[in-house]
Amino acid sequence: MAQNEHPGDELEMPDASRRHFLKQSSALAALALAPTAAVKAVDTGWDQKIAAAFEQLPLQVTINGTVQNVSIEPRVTLLDLLREQLHLTGTKKGCDHGQCGACTVHVDGQRVNACLTLAMTTEGSNVTTIEGLATNDHGATARLHPMQEAFIKHDGFQCGYCTPGQIMSAVACIREGHADSPEEVREYMSGNICRCGAYANIVEAIMEVKQGGKKV
Amino acid sequence: MTKETKNPSIDRVDGRMKVTGGANYFADFELPSMAYCVLVGSEIARGTISSLDTKKAQGAPGVLGVFTHQNMPPIPGWDAPIGGQADGPPPKPKTEETYRILSSPKILFDGQPIAIVVADTYERATYAASLVKATYAKQASRTDLSKHVAEGIAPGGSGDYSRGKADAHQTAPITLEANYTIPIEVHNPMELHGILAHWTGPDKLMIYAKTQGVNATQNAMAQAFKLDPKNIHVHTEFMGGGFGMGLRTWPQETAVVAIARKIGRPLKLVMNRSQMFTLVGHRPYTVQTIRMGADQTGKLVSINHAATAETARYEDFTEATVNMTKFMYACPNVSTRYRIVRLDRSVPIWMRGPGEATGAFALESAMDEMAHKLNLDPIEFRLRNYTETDPEHNRPYSSKNLREAYEKGADAIGWNNRKPQPGSLREGNWLIGYGMSTGVFNAFRWEASARALLKADGSLTVQSAVTDIGPGTGTALTMIAHNVLGVPVEKIKVEYGDTSLPKAPSQGGSAIVSAVGSAVFDACTAIKQALIELAVKDGSSLAGRQADELTLANGILSVEKEPGKKLTVSELMQVNKLTVIDRTKESKAGPDHQKYSMYSFSVHFVQVRVNPLTGVVRVAKAVSVADSGRIISPKTAASQMIGGVAGGIGMALTEEAVIDHRFGRFVNNNFADYHVAVHADVPAIETIMIDKPDPIINPMGAKGMGEIALIGFAGAVANAVFNATGQRVRDLPITPDKVMQKLV
């Protein structure tokens, strides 16, 4: 395969973090080349400290309007960052493979599967989760988004587990202009599985919001 | 309101929690210094672990422990004499093997956990798990039921059934013999299975579980750890679907609890999707043969129904696959036979509709085939063999309105557009077909308890340990309490899914509205009686009235024949210096239940479109009719029914877990390759409720509907495909290759 077929392969990093990255990489490589030192490090628990120091990278991302400065391993997905570190557990894990849509959130307005998104790639982005959809954000007193209202009215859920992902996807589906007919909604919502089978009600809810003309 | 009145539709009471992300499922709880578990699965289906290298994993950053059969902490309750069950001691008929997780190097199925890795973060545990390496002494495995049907054994419990003449089939004027196959189907609720275990003291355990019954989990853990159940607190307020897989405590849950005790930190296990195919049960691969005889008048002469299903070598799983055949139709000669084959597979468990859905596919396909042979409309054939009494037990049904269900469903789907001659309807490039099928499931009423607390401010709290896995149990209980006490729905709070609340059965078998609903009904009725007694006693403004003259609605007691004469509940409670009236009731079926057969019934109608060039089948219209007594919560009940349709479309057209039998391993254990129905597969659905109260089963007149929503649906699709194309597909799912094979 010709090299120019991969235009996106080049790392795009600000200079500072590129230097930081290279420094860490060479230190790790040096460690790897010295097996006795490495074994010793394991014995004394130094590996833990080294790992903790080397494996964490800084990330700044705005989530539901709040700027978050966190330090994370580069292998952490957006989904696990939200759930395990920021305790925004409204976003659900259903497969970890981008096959079910339960983890759908908005990154800069686009719906994405948070399980397929490395958290580090959201540097500087705006992320909206189900917790950020209702205005005011504070539990029972918050005013619901029209899509949330419509899901309640049309009973667009049963167990409720896929619901945050369905709602985030539904909002994006309308914004994308893919909600002009029930058939179109079914097509563009097919990445969000509902095992309880609330599909018919979900489509009704989306069509009502779309036809109601309220801003989503 | 009484059971003679239809109920209004209300919104799901936990709807707001579910649309805002505020509903907490087990994995959403956070505990101090919680660590993470990851399971490592075997790479063979049968054999023995020869070597297990855990050193690299042990040394990986953040790892707190790697547990295998060599160092697994003991599970004291499992040291008792060994029975067949992996999660408790009850001895069952002897099985070939015993499965105790991480207790021996023996491998009984592919994906069996060989190690549990614990680390301080999920990422570190996942990485360390990838470093565990095993070698095996592999033995030849058997995982293909279709090759071993002849080896079926009769399970313990109910035996073969027969009434009338065994050989009636041979002399029947018109006969049919056909084999039907159901593949392995997997529950695959959206929520991944797992557990969050926290030892809050040396003998005190808090568990956030994914279970359909918190009391069942509590008991299983009490047995495993030899603890007083009172010391075990289980919480499952929200469960992201179960469909049966949460009806037992799985071995890996118990293992995590044992390891949490050893490590001294709360532990969280969230399994991955592929593990959902092997470690939490499935609908077993089942082959069935139906032999049916009828006479020229369209009367059934005989039905023989034989089924053989797979199970594990370490546990005999059985279900009621052949039961419907025994009582559904008026037929003098009926026999059934049920066998299981022990394979190198993990154990199955009931999956929505369970065996009855498997059996209904065969029976209702055969009914359609016979109707065609007789040149009769399939509904007419069923009506000619309709029975008003249960021919298996020779007793009346507590209620049965199936004729009305056939009629209403037929009207709604436009059954009169159906052409008896297959392949005769076309719309553009598509062949059109209509099909129908009946579903039936026991209407149970198990023992349950509930507590109700009425406060002086007029608010009511209802409590029961029952879980709400999605059907809307909380909403139905709210409506029942509202109907008894007249408290406005918005002033009723239902608390459930926790072992600190009154005991309730596991959510399964379509029994919860009947069981727990009756307990709520009784507890609220007790409060109402207490209020009325206070209202008519000396000194009260309603003193001297008869108890039955009073009515209670919206927090006001009034006397019908004295307009204007009123007493509010809050006044009454204040006068009597009461801040709360608190009643707990246990409720169960009465002796009357023995005199009746109690079933919920459903009828499914579908219109399919079949593309003759590609073999693609689309369900274009679906109508499902429920005859399940009084409908308590119309909105959530309708959702149950449309959910059955979506599940049924998957069962009929796409769902099949495929094993590569050379390795005994699944090849499609993920959502990209195991196809459950998605939005694009499911049309708008019409649900029809007969909504007539059952006079016997419980004070609400309500029967269950979770199972009947699915039971029979796949048969309706198969029958519609036949009507569209003239091709009969008897092995599910009805994929394009099977349709094409027969079309070309």
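The values are calculated or read from the model by the stated rules, or taken from the named source; none is laboratory data. Values in this document were obtained by computation on a predicted structure and should not be read as measured data. Cβ: placed from backbone, ideal geometry, glycine included. Neighbour counts: every protein chain shown.
If the condition is being more than 21 Å from B:PRO189 (Cβ to Cβ) and either surrounded by fewer than 18 Cβ atoms within 10 Å (Cβ to Cβ) or touching a residue at least 40 places away in the same chain (Cβ under 8 Å) (or both), then the range A:197-216 contributes A:GLU204, A:ALA205, A:ILE206, A:GLU208, A:VAL209, A:GLN211, A:GLY212, A:GLY213, A:LYS214, A:LYS215, A:VAL216. As for the range B:665-676, it holds at least one residue that is free of Cβ contacts under 8 Å to residues at least 40 places away in the same chain, within 20 Å of the chain's Cα centre (by Cα), in a loop (DSSP other than H, G, I, E, B) and within 23 Å of B:GLU310 (Cβ to Cβ). Looking across the range B:484-540, the residues that are part of a loop (DSSP other than H, G, I, E, B), hydroxyl-bearing (Ser, Thr, Tyr) and within 22 Å of the chain's Cα centre (by Cα) come down to B:TYR496, B:THR499, B:SER506, B:SER510.
Can you confirm whether the range B:594-611 contains a residue that is farther than 30 Å from B:PRO422 by Cβ and surrounded by fewer than 17 Cβ atoms within 10 Å (Cβ to Cβ)? Yes; the residues of the range B:594-611 include at least one that is farther than 30 Å from B:PRO422 by Cβ and surrounded by fewer than 17 Cβ atoms within 10 Å (Cβ to Cβ). Taking (1) of a type in the set (S, T, N, Q); (2) assigned by TED's automatic domain parsing to the domain that holds B:LEU64; (3) at pLDDT 95 or above in turn, B:THR181 satisfies each apart from (2).
Here B:PRO189 passes the criteria (1) touching a residue at least 40 places away in the same chain (Cβ under 8 Å); (2) assigned to a strand (DSSP E or B) except the one numbered (2). For first residues located in the range B:234-261 and at pLDDT below 95 and crowded, with 24+ Cβ neighbours inside 10 Å, partners that are part of a helix (DSSP H, G or I) and of a type outside the set (A, V, I, L, M) and lie 6+ apart or on another chain with Cβ distances below 6 Å do not occur.
Screening the range A:169-196 for residues that are more than 26 Å from B:GLY240 (Cα to Cα) and charged (D, E, K, R) and picking the one that is surrounded by the most Cβ atoms within 10 Å (Cβ to Cβ) gives A:GLU184. Selection of the range A:176-209 for residues being over 25 Å from the mean Cα position of the chain (by Cα) and of a type outside the set (Ser, Thr, Tyr) yields A:ASP180, A:PRO182, A:GLU183, A:ALA200, A:ASN201, A:GLU204, A:MET207, A:GLU208.
When B:GLU253, B:GLU191 are checked against the criterion of being charged (D, E, K, R), within 14 Å of chain A (Cβ to nearest Cβ) and touching a helix residue (DSSP H, G or I) at 6+ places or on another chain (Cβ under 9 Å), a single residue qualifies: B:GLU191. Counting only strands (runs of 3 or more DSSP E) that fall entirely inside the range A:50-132 and contain at least 1 residues that are more than 11 Å from every other protein chain (Cβ to nearest Cβ) and without any contact (Cβ under 8 Å) to a residue 60 or more places away in the chain, the qualifying elements are A:57-63, A:66-72, A:104-107, A:110-113.
Just one of the listed residues (B:HIS305, B:HIS372) is surrounded by fewer than 24 Cβ atoms within 10 Å (Cβ to Cβ), within 23 Å of B:ALA716 (Cβ to Cβ) and touching a residue at least 40 places away in the same chain (Cβ under 8 Å), namely B:HIS372.
B:TYR136 - would you say it is assigned to a helix (DSSP H, G or I), farther than 30 Å from B:THR336 by Cα and in the same structural domain as B:ALA255 (by TED's automatic domain parsing)? The answer is no for B:TYR136.
If I ask for residues that are in contact (Cβ under 8 Å) with a residue 40 or more places away in the chain, within 12 Å of chain A (Cβ to nearest Cβ) and assigned to a loop (DSSP other than H, G, I, E, B), which ones from the range B:1-30 would you list? The answer is B:SER9, B:ILE10, B:ASP11, B:ARG12, B:VAL13, B:ASP14, B:ALA23, B:ASN24, B:TYR25, B:PHE29. Counting only strands (runs of 3 or more DSSP E) that sit wholly inside the range B:256-316, those with at least 2 residues that are farther than 19 Å from B:ALA209 by Cα and in contact with a strand residue (DSSP E or B) (Cβ under 8 Å, 6 or more places away or on another chain) are B:286-294, B:300-312. Look through A:GLY109, A:GLY101 and report the one residue that is small (Gly, Ala, Ser) and under 12 Å from A:TYR161 (Cα atoms). Going through A:GLY109, A:GLY101 in turn, just one is small (Gly, Ala, Ser) and under 12 Å from A:TYR161 (Cα atoms): A:GLY101. Please enumerate the residues belonging to the range B:20-63 that are touching a helix residue (DSSP H, G or I) at 6+ places or on another chain (Cβ under 7 Å), under 20 Å from B:ARG265 (Cα atoms) and of a type in the set (Ser, Thr, Tyr). Matches in the range B:20-63: B:TYR36 only. What about B:VAL616, is it over 26 Å from the mean Cα position of the chain (by Cα) and either surrounded by 19 or more Cβ atoms within 10 Å (Cβ to Cβ) or modelled with pLDDT of 95 or more (or both)? Considered against the rule, which asks whether it is over 26 Å from the mean Cα position of the chain (by Cα) and either surrounded by 19 or more Cβ atoms within 10 Å (Cβ to Cβ) or modelled with pLDDT of 95 or more (or both), B:VAL616 comes out as yes.
Looking across the range B:50-71, the residues that are within 23 Å of B:GLN139 (Cβ to Cβ) and under 38 Å from the mean Cα position of the chain (by Cα) come down to B:THR68, B:HIS69, B:GLN70. When we screen A:GLY165, A:GLY156, A:GLY160 for residues that are more than 8 Å from chain B (Cβ to nearest Cβ), crowded, with 24+ Cβ neighbours inside 10 Å and in contact with an Asp or Glu (Cβ under 9 Å, 6 or more places away or on another chain), the only hit is A:GLY156.
Restricting attention to the range B:625-656, and to residues there that are within 11 Å of another protein chain (Cβ to nearest Cβ) and polar (S, T, N, Q), which single residue is nearest to B:TYR599 (Cα to Cα)? My answer is B:GLN640.
Considering B:LYS226, B:LYS210, which residue is farther than 30 Å from A:CYS103 by Cβ and of a type in the set (Lys, Arg)?
B:LYS226
Whether a residue is closer than 27 Å to B:GLU707 by Cα and of a type outside the set (S, T, N, Q) was assessed, and A:HIS154 passes this test.
Within the range B:328-350, can one find any residue that is of a type outside the set (D, E, K, R), in a helix (DSSP H, G or I) and surrounded by 24 or more Cβ atoms within 10 Å (Cβ to Cβ)? No, the range B:328-350 contains no residue that is of a type outside the set (D, E, K, R), in a helix (DSSP H, G or I) and surrounded by 24 or more Cβ atoms within 10 Å (Cβ to Cβ). Every condition in (1) within 12 Å of chain B (Cβ to nearest Cβ); (2) touching a residue at least 12 places away in the same chain (Cβ under 8 Å) holds for A:ALA142 except the one numbered (2). From the list B:ILE259, B:ILE263, B:ILE232, the one residue that fits, being more than 24 Å from B:ARG339 (Cβ to Cβ), touching a Cys at 6+ places or on another chain (Cβ under 8 Å) and more than 14 Å from chain A (Cβ to nearest Cβ), is B:ILE259.
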